[in-house]
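Chemist: Just dropping this structure here.
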Amino acid sequence: MANYFRTGKGGGDDLFIKAINRNGDTFATTSLQMNEIDLWSSTGELLGSLRGHTGQVRTAAFSSDSRLLVTGSTDQTVRVWDCQTQRELMTLH
C-alpha cells in the first residue's frame, strides 16, 4: 500500500499518510504544503483538520483506543489532539 494519495485538498499535492488507527477505519494525513493534519475515514470522507502547528508535521500516532492523536512537527512541538472534538489538548515544547 502506498503511503500517499492525491485529492483536491492541499491544492492537488500528495497527501502522506502519517498514522492509521488500530481498527483501520481512520487515518491521519499531511502534505508538504500544509502545517495541519487531516483526519479521514476509511471510505475517503474528510472528518476534519487539526490546526495548530506552525511547521511541517513530520510524524503522528493514534492512541491504542483511537481517541487521541499525537503529532510532531518541525516547529519543535509535540501536540496531543482529541480526535472526536478535534481540539488540541496539550502542547509540549
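The values are calculated or read from the model by the stated rules, or taken from the named source; none is laboratory data. All values derive from a computational prediction rather than experimental measurement. Cβ: placed from backbone, ideal geometry, glycine included. Neighbour counts: every protein chain shown. When the accessible area is computed, the model is the full protein with side chains, heavy atoms only, and any ligands, DNA or RNA have been set aside. Shrake-Rupley method; radii C 1.70, N 1.55, O 1.52, S 1.80 Å.
Chemist: Among all residue pairs at least 6 apart or on different chains, which show Cβ distances below 8 Å where the first residue, located in the stretch 53-80, is of a type in the set (Asp, Glu) and the second is surrounded by 18 or more Cβ atoms within 10 Å (Cβ to Cβ)?
Modeler: ASP75/HIS53
Chemist: Out of all the residues in the stretch 18-47, which are within 14 Å of ARG87 (Cα to Cα) and open to solvent by 70 Å² or more (accessible area, probe 1.4 Å)?
Modeler: Keep residues of the stretch 18-47 that are within 14 Å of ARG87 (Cα to Cα), which gives 36-39, 47.
Within the stretch 18-47, just LEU47 meets the criteria.
Chemist: Failed condition for GLY10, given (1) in a loop (DSSP other than H, G, I, E, B); (2) surrounded by 16 or more Cβ atoms within 10 Å (Cβ to Cβ); (3) among the small types (Gly, Ala, Ser); (4) modelled with pLDDT of 95 or more, with all others met?
Modeler: For GLY10, the failing item is (4).
Chemist: Same structure again: Starting from residues that are under 9 Å from the mean Cα position of the chain (by Cα), over 14 Å from THR26 (Cβ atoms) and aliphatic (A, V, I, L, M), keep the ones in the stretch 48-86 and report whichever is most open to solvent (accessible area, probe 1.4 Å).
Modeler: VAL70
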